[in-house]
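The values are calculated or read from the model by the stated rules, or taken from the named source; none is laboratory data. As the structure is a prediction and not an experimental result, all values here were calculated from the model. Positions of Cβ are generated from backbone atoms using ideal geometry, with glycine treated the same way; all protein chains shown enter the neighbour counts.
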Ligand SMILES: Nc1ncnc2c1ncn2[C@@H]1O[C@H](COP(=O)(O)OP(=O)(O)OP(=O)(O)O)[C@@H](O)[C@H]1O
Ligand SMILES: [Mg+2]
């Protein structure tokens, strides 16, 4: 292969400067052979110079000269060294000496680094500057070290997530999606002719909830001490009676309200607690309101959501029809249970959850917000920190990285960053990802839809990737407002014409 440049000046084990006569572009992969090394590099900077054309000439002379100097252009650039191809991409200990030739990276070398499936990987796409080279990412690394998928709205996040889902399902992996827009329900992925998408019943059995989870439905804050005290007692007694078969499951609300009524009567009779009556009446009203508002959501015979999860499937919790408060309670309830059940399994309990799960959270900035303290934020950050030990992976998807809780984001060791234009978002991502150099951050605004910077243990060395198009995902394509308006206008015109025709007919 023909060389594209020669190393000049000073070089280190991380970076070299090179001179080239052309034939090299920003983002190209190159190969340097010296001593025992075959080192892969990435062109991170490039400048064009022509020593014959400079400021020492008058304009009219330069205008004549410039045609003569054509072909004397040189390119000076910088290469980031990524590692030795034959040594698992270890960074070389000695720098390439000046004079070392720079070659375009061979397809074989690039495939050695990006293009091999050792049985645990999925195909994400192709290298942006080398469409002939496939890029694979390691699924085990995603589950154990989490993943953040970040981009402006419409940048291609859901498509990227769908490509990952397809790859994981091919390996019989288990996925749970908190689907904020109901866009994963019609995912078309079949195994042995059968769909592997399972919609989980979004019904809660109150006795499976923790008191704190239930309390949110009744709108009782933790600083409403008296209301909290009585509701807690009534809830615990009711749940215990149902669990022990003393009360029947379908009498949950009645039992709860009658417990509270007993407390109210006591307060009327006992002068010591008489002034607590107002609070008890308040909590009774709140429970009645909760019963009315959430009757649809509560199902007293429902199997817990976590027990509905099937291995090898894309399990979808459709949150598109519920408000943020309910979504928060459901996500925190499910994540708490996932963590508890996996811990039980690892410690040898029979009723534990037997298989690892990758959980995908779309619109992660809402529930794992940097400013608002949601209930689920606590469990999201627990899984981000501890999930690794229990086979619980987290994939956070967001179009507003700077509104994402930075502690949680920094636990996502793997990142797929598509187009990001806002400097605040870029800074936030850069702070969370230590290895994200400012040169790479500079690339982010100029990426097109579906083009991404991929980094973390799942890939080994960072790469710019053109993400594949996910065939299984049917919804999510941009709607055309103009097309929809025109269709409506066309229909009303047709109706008008028909009416006119019928009226003329009547006249005759
Ligand atoms: N790699 C790709 N190849 C081809 N088309 C793509 C690719 N990525 C995204 N698209 C297209 O771009 C559009 C937006 O993609 P997508 O829905 O994945 O974006 P998003 O970032 O999830 O958007 P939102 O912020 O609205 O959730 C879709 O029509 C999708 O088909
Ligand atoms: Mg999306």
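Got at least one residue in the stretch 400-420 being outside the structural domain of residue 41 (by TED's automatic domain parsing), more than 27 Å from residue 317 (Cα to Cα) and surrounded by 15 or more Cβ atoms within 10 Å (Cβ to Cβ)? If you could, list the steps in order and put the result at the bottom.
To start, the set of residues in the stretch 400-420 that are outside the structural domain of residue 41 (by TED's automatic domain parsing) comprises 400-420.
Still in the list and also more than 27 Å from residue 317 (Cα to Cα): 419-420.
Still in the list and also surrounded by 15 or more Cβ atoms within 10 Å (Cβ to Cβ): 419-420.
Within the stretch 400-420, one or more residues are outside the structural domain of residue 41 (by TED's automatic domain parsing), more than 27 Å from residue 317 (Cα to Cα) and surrounded by 15 or more Cβ atoms within 10 Å (Cβ to Cβ).
Check the stretch 437-447 and report whether any residue there is touching a helix residue (DSSP H, G or I) at 6+ places or on another chain (Cβ under 7 Å), within 16 Å of ligand 1 (Cβ to nearest atom) and under 16 Å from residue 370 (Cα atoms).
no
From the residues in the stretch 153-174 that are within 16 Å of ligand 1 (Cβ to nearest atom) and touching a helix residue (DSSP H, G or I) at 6+ places or on another chain (Cβ under 8 Å), which one is nearest to residue 394 (Cα to Cα)? Reasoning before the result, please.
Restricting attention to the stretch 153-174, the residues satisfying the condition of being within 16 Å of ligand 1 (Cβ to nearest atom) are 153-167.
From what is left, the residues that are touching a helix residue (DSSP H, G or I) at 6+ places or on another chain (Cβ under 8 Å) are 164, 167.
On the way: 164: 13, 167: 16 Å.
So, considering only residues that are within 16 Å of ligand 1 (Cβ to nearest atom) and touching a helix residue (DSSP H, G or I) at 6+ places or on another chain (Cβ under 8 Å), the one nearest to residue 394 (Cα to Cα) is 164.
Output the residues belonging to the stretch 123-149 that are within 12 Å of ligand 1 (Cβ to nearest atom) and modelled with pLDDT under 95.
128
If I ask for residues that are more than 10 Å from ligand 2 (Cβ to nearest atom), under 18 Å from residue 419 (Cβ atoms) and in a loop (DSSP other than H, G, I, E, B), which ones from the stretch 137-189 would you list?
If the condition is that a residue be more than 10 Å from ligand 2 (Cβ to nearest atom), under 18 Å from residue 419 (Cβ atoms) and in a loop (DSSP other than H, G, I, E, B), then 152 is the only one that fits.
Could you tell me whether the stretch 450-461 includes any residue that is in the same structural domain as residue 185 (by TED's automatic domain parsing), surrounded by 16 or more Cβ atoms within 10 Å (Cβ to Cβ) and modelled with pLDDT under 90?
Quick first cut of the stretch 450-461, residues in the same structural domain as residue 185 (by TED's automatic domain parsing) only: 450-461.
From the residues that got through so far, the ones that are surrounded by 16 or more Cβ atoms within 10 Å (Cβ to Cβ) too are 450-456, 458-461.
So of that shortlist, the ones also modelled with pLDDT under 90 come out as 460-461.
Yes, there is a match, as at least one residue in the stretch 450-461 is in the same structural domain as residue 185 (by TED's automatic domain parsing), surrounded by 16 or more Cβ atoms within 10 Å (Cβ to Cβ) and modelled with pLDDT under 90.
Can you tell me which of (1) assigned to a helix (DSSP H, G or I); (2) more than 18 Å from residue 209 (Cβ to Cβ) is the one residue 236 doesn't meet?
With respect to (1) assigned to a helix (DSSP H, G or I); (2) more than 18 Å from residue 209 (Cβ to Cβ), residue 236 is out only on (2).
In the stretch 361-399, which residues are surrounded by fewer than 24 Cβ atoms within 10 Å (Cβ to Cβ), within 16 Å of ligand 1 (Cβ to nearest atom) and more than 30 Å from residue 460 (Cβ to Cβ)?
366
Only one of (1) within 21 Å of residue 323 (Cβ to Cβ); (2) assigned by TED's automatic domain parsing to the domain that holds residue 326; (3) without any contact (Cβ under 8 Å) to a residue 60 or more places away in the chain is not met by residue 215, so which one is it?
Looking at each condition in turn, residue 215 falls short on (2).
Can you name every residue in the stretch 27-47 that is surrounded by 14 or more Cβ atoms within 10 Å (Cβ to Cβ) and in a loop (DSSP other than H, G, I, E, B)?
Selection gives 27, 28.
Which of the residues spanning the stretch 175-195 are away from ligand 1 (no atom under 14 Å from the Cβ), at pLDDT below 95 and in contact with a helix residue (DSSP H, G or I) (Cβ under 8 Å, 6 or more places away or on another chain)?
Across the stretch 175-195, the qualifying residues are 189, 191.
Can you list the helices (runs of 4 or more DSSP H) found entirely within the stretch 256-348 that contain at least 3 residues being surrounded by fewer than 20 Cβ atoms within 10 Å (Cβ to Cβ)? Break it down stepwise before answering.
On the way: elements: 277-294, 305-308, 324-346.
Correct list: 277-294, 324-346.
Conditions: (1) in a loop (DSSP other than H, G, I, E, B); (2) surrounded by fewer than 16 Cβ atoms within 10 Å (Cβ to Cβ); (3) out of contact with any strand residue (DSSP E or B) (no Cβ under 6 Å at 6 or more places or on another chain). Residue 247 meets all but one. Number of the miss?
Condition not satisfied by residue 247: (2).
Only one of these is away from ligand 2 (no atom under 16 Å from the Cβ) and either under 27 Å from residue 296 (Cα atoms) or under 15 Å from the mean Cα position of the chain (by Cα) (or both): 360, 366, 383, 372. Name it. Walk me through it before giving the result.
Numbers: 360 fails: away from ligand 2 (no atom under 16 Å from the Cβ); 366 fails: away from ligand 2 (no atom under 16 Å from the Cβ); 372 fails: either under 27 Å from residue 296 (Cα atoms) or under 15 Å from the mean Cα position of the chain (by Cα) (or both).
Within the list 360, 366, 383, 372, the selection yields 383.
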